[in-house]
Amino acid sequence: MRLGTSSPLNHASAEEWAKNQVALGCKAVVFPLSSDDPEEKIQEYVECAKANDLLIAEVGIWRNAMSLDPKDREKQRDYCVNQLKLADRINARCAVNVAGAMGPRWDGHYKENFTKETRAEIVKMVQEIIDRAEVTNTYFTLEPMPWMIPTGPEDYVRLFEEVNRDRFAAHMDIINMTNSFERYYQAEAFVDRCKELLGNKIRSCHIKDSHLKEEYTFQLEECAPGKGEYPLRYYVQTMNSIDPDMPVILEHLNSDEEYIHYMNYLKEELHGIQ
């Protein structure tokens, strides 16, 4: 297991960035630059990560490659390709995006997200991005979402078969896939199912927590680690059993102070997992 955060923390240079990550206890990082940045600067960050034994877990994309506007869709897919190429150049474990939304919010929930036509277009989109990028050192992954495919491990396996590309792999966000009372109350069994079906296809993991609210109807709230009820240690132990270098990335906090606080919590909570 290699813990990390999605925050680059406040820094003024690549060297300071790397030192801050190490001081926090990180052994994995989300790459803080994009394909739009100068190549010299990119290489400086790569070298500092390597010198400090920081595994580059992910290159983020976070764009709607399914945009309903044809020009915007083309633009976002170009960006996906460039980010995947960047991940390949710097030997990141993966580049990650969501499948995309069929509405104005880039990561929004829409009925049309689940039509046969949308699924077919997502398959074509993933194939196009991988084929255009021609990567050999990394993988393209889709982060599962509560309201986009893939919504669970079975859906991911089906998507692997449909895409049929060696460089398509899995990104694990167990909280995003916890979208029913079965998965919430039988969390360990669901974690086991993810391991069984996805196994060494998993390239990187996110970590946060989930809290079931008292109000009607069934409402799950994403929250910081320790503020919910999810068996995070079991989750991380299971991912670690797949790969002892598995990145586990803390995300969705609001400040560097929160990242520092909850990273320290995780280090204590996950102590002993090697």
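The values are calculated or read from the model by the stated rules, or taken from the named source; none is laboratory data. Predicted, not measured: the structure shown is a model, and the values here were computed from it. Because the Cβ atoms are built from the backbone with ideal geometry, glycine has one as well, and the counts that use them run over all protein chains shown. All accessible areas refer to the heavy atoms of the entire protein, side chains included, with ligands and DNA or RNA removed. Shrake-Rupley method; radii C 1.70, N 1.55, O 1.52, S 1.80 Å.
What are the pairs, 6+ residues apart or on separate chains, where a residue within region 45-56 that is modelled with pLDDT of 95 or more has its Cβ under 9 Å from a residue that is among the basic types (Lys, Arg) and assigned to a helix (DSSP H, G or I)?
Val46/Arg89; Cys48/Lys19; Asn52/Lys19; Ile56/Lys50
Under 14 Å from the mean Cα position of the chain (by Cα) and surrounded by 15 or more Cβ atoms within 10 Å (Cβ to Cβ): which single residue out of Ile61, Ile42 fits that description?
Matching residue, one of Ile61, Ile42: Ile61.
What residue, among those in region 136-181 that are in a loop (DSSP other than H, G, I, E, B) and among the hydrophobic types (A, V, I, L, M, F, W, C), is surrounded by the fewest Cβ atoms within 10 Å (Cβ to Cβ)?
So, considering only residues that are in a loop (DSSP other than H, G, I, E, B) and among the hydrophobic types (A, V, I, L, M, F, W, C), the one surrounded by the fewest Cβ atoms within 10 Å (Cβ to Cβ) is Trp147.
Is it true that some residue in region 75-90 is on the phi > 0 side of the Ramachandran plot and modelled with pLDDT of 95 or more?
Within region 75-90 (the criterion being on the phi > 0 side of the Ramachandran plot and modelled with pLDDT of 95 or more), the answer is no, since none of the residues qualifies.
Report whether or not Ser241 is among the polar types (S, T, N, Q) and closer than 20 Å to Leu24 by Cα.
Taking the combined requirement at face value, the residue does not satisfy it.
Which residue out of Phe160, Phe181 is among the aromatic types (Phe, Trp, Tyr) and touching a residue at least 40 places away in the same chain (Cβ under 8 Å)?
Phe160
Suppose we filter region 248-274 for residues that are open to solvent by less than 20 Å² (accessible area, probe 1.4 Å), under 17 Å from Leu9 (Cβ atoms) and not hydroxyl-bearing (Ser, Thr, Tyr); how many remain?
So the answer is 5.
Can you give me the number of residues within region 75-98 that are open to solvent by 10 Å² or more (accessible area, probe 1.4 Å), closer than 22 Å to Pro150 by Cβ and either part of a helix (DSSP H, G or I) or hydroxyl-bearing (Ser, Thr, Tyr) (or both)?
Number of matching residues: 3.
Can you name every residue in region 199-222 that is surrounded by 19 or more Cβ atoms within 10 Å (Cβ to Cβ) and either at pLDDT below 95 or among the hydroxyl-bearing types (Ser, Thr, Tyr) (or both)?
Ser204, Ser210
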